[in-house]
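Q: I'd like to ask you about the structure that follows.
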Amino acid sequence: MKREIRLLSSLIILSLCMGSFASCAGGSAVETEIETEVIEETEAAEPTPTSTPTPTPTPTPDPEVNPDFVGKTAEEICDMLTLEEKADQMVQGAIYALSDDDMEENCYSSVLSTYSDVPALSYEEWHDICIEYQNAALLSDTAIPFVYGQDSVHGVNYASGTVIFPQNINIGAANDVELTREMGVIVGSDLSYTGMRWNFAPCVAMSQDPRWGRTYESYSSGRERTTSLSVAFTEGLMSQGVIACAKHFFGDGYAAFGTGESSDGTERLIDRGNAIMTSREIQDNLSVYQALIDAGVQTIMISHTALNGVKMHENSQYISYLKNNMGFDGVVVSDWNSIENTSGETLYDQVVNCINAGIDMLMEDSNYEECRDYIVDGVNNGDISIERVDDAVIRILNMKINAGLFDDPYSENLEPAYEYNSDHGREVARTLAAESFVPIKLTDGTYRLTEGMKVFVTGPAADDTGVQCGGWSTIWNGITDEEYGTKVYPEATTILEGLEQAADEIGFEVITDESRIDECDLVILCVGEKPYAEWNGDAEDLSITGDLALEGNSEAIEFAEESGLPTLTLIVAGRNVIINDYLDEWESVVMLYLPGTETGLAVADVLTGAVPFTGTLPMPYYSTENQITTEGYWLPVGYSAAN
Ligand code: BGC
């Protein structure tokens with residue numbers, strides 16, 4: 001078998017709607033065509049018998065890292081670069097804006113993806129895309145390897161067919177450090193098949209207000225679980241050669257309600273707003289980052305939020321503290337176009353301010369080239385010192401050298417722990433999901449399914465793979481099966497399917513035909529929230545029938561009530577939604593949060609008693625919105641009705 005590089009011009013059409021992308025922020029889908037060159041693995045053709053032997057063509061060598069740089073330190077390489085080449089290393093553009101040709105011309109440092117379309121590309125297709133960028137980077141005059149970045153926040157959630165793990169809020173509820181480390185290993189292992197070496201995870205936001213749309217990206221509202229789980233996940237990722245990225249530095253979960261950023265024509269309620277933090281809260285947040293730095297995290301992403309009115313992207317005080325007092329010698333990367341929402345009047349001013357504040361790499365989907373030019377101008381105008389640029393470039397080169405990219409730019413020597421999308425990965429996801437379910441009310445006889453029972457399963461969250469995975473799953477905001485028209489994740493098991501499988505094994509019956517409701521012993525009411533990401537999940541009304549409730553919640557709740565049967569309510573949501581009005585009607589209630597593709601199997605595990613309830617609340621449960629951010633709550637962190 002011979003590896004033959006064939007430069008096919010394949011047209012990959014990505015339907016993109018990345019809300020962070022300025023022109024998409026208003027909600028319109030953007031269709032972008034990207035030309036990529038795809039590598040095909042082909043068998044060497046059998047020689048055709050002819051009278052004169054055909055000469056064997058000389059194989060085209062793989063492009064190589066600039067030989068002048070091999071074996072050199074980051075400082076030595078930096079010394080050999082021109083100012084323009086240094087600035088190229090300090091920017092990252094998006095896949096739909098930065099072409100292979102751009103890469104070959106300028107040897108940019110990095111490329112990132114958006115969440116595009118369903119079905120997602122396969123891991124092989126992603127791998128081909130990464131190879132083509134690497135070919136282009138190494139064919140450039142500078143020939144420094146590039147690195148691809150993505151948000152594999154709960155599985156390789158943008159590649160088709162792979163397991164989707166529970167979201168961070170579930171991981172916080174499960175609070176199983178060893179299994180979270182193993183989740184990191186599995187995600188890192190799956191990731192290495194895609195060619196993407198940089199993962200924008202873990203998110204260590206500590207959501208203080210469940211009305212924030214990124215609450216489910218937080219492990220917990222508290223420091224302890226956030227620290228131990230994020231460190232374990234990071235160690236798992238790093239064991240597979242992945243460059244991890246702790247985000248978002250810092251205070252992202254502390255933005256005050258009503259202060260959300262208005263930018264790009266979008267009004268936000270909380271997201272990207274202003275955090276007013278006490279020094280104790282600041283210390284708590286810094287301590288999480290310190291633990292991650294001690295564990296070796298290679299990169300840190302800055303938060304879109306402001307701290308006491310100063311946008312974190314230009315907060316030189318804390319970015320310097322990170323580098324000088326906390327010993328962080330990795331790369332500080334900006335968040336998506338976020339430098340553009342800082343105080344400078346022009347993009348030039350913003351680039352100068354943010355680079356001077358200590359940001360090393362600018363994540364700028366389309367303006368990466370302009371930003372590169374402004375870095376060069378900034379130095380030439382005396383607004384940015386060459387020492388600051390060198391500091392950034394040395395950090396970036398070290399990140400790439402330490403990840404092995406200079407020795408092995410195509411990541412051919414990586415040895416992933418598991419085969420792609422292994423059964424083991426699905427087992428771990430199932431176990432973590434089951435461990436994450438938090439019973440908040442239990443009444444005997446209404447939460448255990450036993451032989452001979454007849455249970456009626458209803459509600460819009462009962463049979464929808466998209467609902468159970470939530471946002472940052474294949475597409476940025478996620479998508480329901482109903483919207484998509486069929487299962488978004490064909491290999492996933494829904495609650496209904498999981499219970500139907502268990503029914504056969506245990507000998508109970510699952511009924512969905514309303515005309516048979518009178519035969520039933522119990523209603524299993526499955527309600528939840530629509531999938532959402534970032535500010536699209538900000539909500540004023542957190543009720544289970546409120547702003548982001550699934551259509552059909554109210555109807556299903558009413559149906560359960562009218563049946564007169566005992567009700568077990570399962571809630572599929574990114575946060576502790578308010579259920580005060582219904583609590584008396586429901587005998588048992590279990591928070592499932594967003595448990596991923598293995599939801600149905602995990603639900604069956606706990607409801608049949610095969611697995612005990614061990615999950616506990618990772619955040620306080622409020623009975624009304626008025627309690628939020630006060631000392632009051634309904635149920636405390638650590639609560640479980642099973643204990
Ligand atoms: C989010 C980050 C994410 C980045 C790249 C941003 O809008 O805040 O969490 O890593 O986009 O997708």
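The values are calculated or read from the model by the stated rules, or taken from the named source; none is laboratory data. Everything numeric in this text was worked out from a predicted model, so none of it was measured. Note that we place each Cβ from the backbone using ideal geometry, even for glycine, and neighbour counts take in every protein chain shown.
Q: Quick one: would you say V467 is of a type in the set (A, V, I, L, M) and assigned to a helix (DSSP H, G or I)?
A: Judged against the criteria, V467 is a match.
Q: So which residues in the stretch 624-638 are touching a strand residue (DSSP E or B) at 6+ places or on another chain (Cβ under 7 Å) and of a type in the set (S, T, Y)?
A: Answer for the stretch 624-638, where residues must be touching a strand residue (DSSP E or B) at 6+ places or on another chain (Cβ under 7 Å) and of a type in the set (S, T, Y): T624, Y633.
Q: Report, by residue number, each residue of the stretch 329-350 that is of a type in the set (V, I, T), within 13 Å of the ligand (Cβ to nearest atom) and within 17 Å of R395 (Cβ to Cβ).
A: V333
Q: Is there any pair with a first residue in the stretch 296-309 that is within 11 Å of the ligand (Cβ to nearest atom) and a second that is assigned to a loop (DSSP other than H, G, I, E, B) and among the hydroxyl-bearing types (S, T, Y) whose Cβ atoms are under 7 Å apart and which are 6 or more apart or on different chains, and what are they?
A: Once the first residue is within 11 Å of the ligand (Cβ to nearest atom) and sits in the stretch 296-309, its partners that are assigned to a loop (DSSP other than H, G, I, E, B) and among the hydroxyl-bearing types (S, T, Y) give I302/S334.
Q: Is there a residue being within 28 Å of A533 (Cα to Cα), touching a strand residue (DSSP E or B) at 6+ places or on another chain (Cβ under 6 Å) and away from the ligand (no atom under 16 Å from the Cβ) anywhere in the stretch 148-160?
A: Checked against the condition, which is being within 28 Å of A533 (Cα to Cα), touching a strand residue (DSSP E or B) at 6+ places or on another chain (Cβ under 6 Å) and away from the ligand (no atom under 16 Å from the Cβ), the stretch 148-160 yields no hits at all.
Q: Before we move on, is L179 within 15 Å of the ligand (Cβ to nearest atom) and either at pLDDT 95 or above or not in a helix (DSSP H, G or I) (or both)?
A: In short, no.
Q: Cβ-Cβ under 9 Å, sequence separation 6+ or interchain: first residue in the stretch 215-238 and assigned to a helix (DSSP H, G or I), partner among the aromatic types (F, W, Y) and away from the ligand (no atom under 16 Å from the Cβ). Which pairs?
A: Y216/Y593
Q: If you don't mind, there's one more thing I want to ask. It is to be established whether one or more residues within the stretch 475-484 are of a type in the set (S, T, N, Q), under 24 Å from the mean Cα position of the chain (by Cα) and in a helix (DSSP H, G or I).
A: Checking the stretch 475-484: not a single residue is of a type in the set (S, T, N, Q), under 24 Å from the mean Cα position of the chain (by Cα) and in a helix (DSSP H, G or I).
For (1) under 26 Å from D538 (Cα atoms); (2) surrounded by fewer than 22 Cβ atoms within 10 Å (Cβ to Cβ), each residue gets a yes or a no:
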| position | (1), (2) |
| --- | --- |
| F257 | yes, yes |
| T266 | yes, yes |
| N274 | yes, yes |
| V297 | no, no |
| M312 | yes, no |
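Q: So in the stretch 237-249, with the set limited to residues that are small (G, A, S) and buried (at least 24 other Cβ atoms within 10 Å of the Cβ), which one is farthest from K400 (Cα to Cα)?
A: A246
Q: Determine whether T494 is within 23 Å of N421 (Cβ to Cβ) and either at pLDDT below 95 or buried (at least 23 other Cβ atoms within 10 Å of the Cβ) (or both).
A: yes
Q: For residues that are part of a helix (DSSP H, G or I) and either within 16 Å of the ligand (Cβ to nearest atom) or at positive phi (or both), tally how many sit in the stretch 310-328.
A: Qualifying residue count, the stretch 310-328: 2.
Q: If you take the residues in the stretch 74-119 that are of a type in the set (V, I, T) and without any contact (Cβ under 8 Å) to a residue 40 or more places away in the chain, which one is nearest to the ligand (Cβ to nearest atom)?
A: Among those residues, the one meeting the criterion is V111.
Q: Going residue by residue through the stretch 546-554, is there one that turns out to be farther than 20 Å from T494 by Cα and in a helix (DSSP H, G or I)?
A: Checked against the condition, which is being farther than 20 Å from T494 by Cα and in a helix (DSSP H, G or I), the stretch 546-554 yields at least one hit.
Q: State which residue is nearest to the ligand (Cβ to nearest atom) when the search covers only the stretch 120-147 and only residues that are surrounded by fewer than 21 Cβ atoms within 10 Å (Cβ to Cβ) and either part of a strand (DSSP E or B) or among the aliphatic types (A, V, I, L, M) (or both).
A: The selected residue is L121.
Q: Could we say that D373 is in contact with a helix residue (DSSP H, G or I) (Cβ under 6 Å, 6 or more places away or on another chain) and either of a type in the set (D, E) or assigned to a strand (DSSP E or B) (or both) here?
A: no
Q: Now, a different point. Of the conditions (1) hydrophobic (A, V, I, L, M, F, W, C); (2) touching a Pro at 6+ places or on another chain (Cβ under 6 Å); (3) over 17 Å from C245 (Cβ atoms), L405 satisfies every one except a single condition; which number is it?
A: Result: L405 fails condition (3) only.
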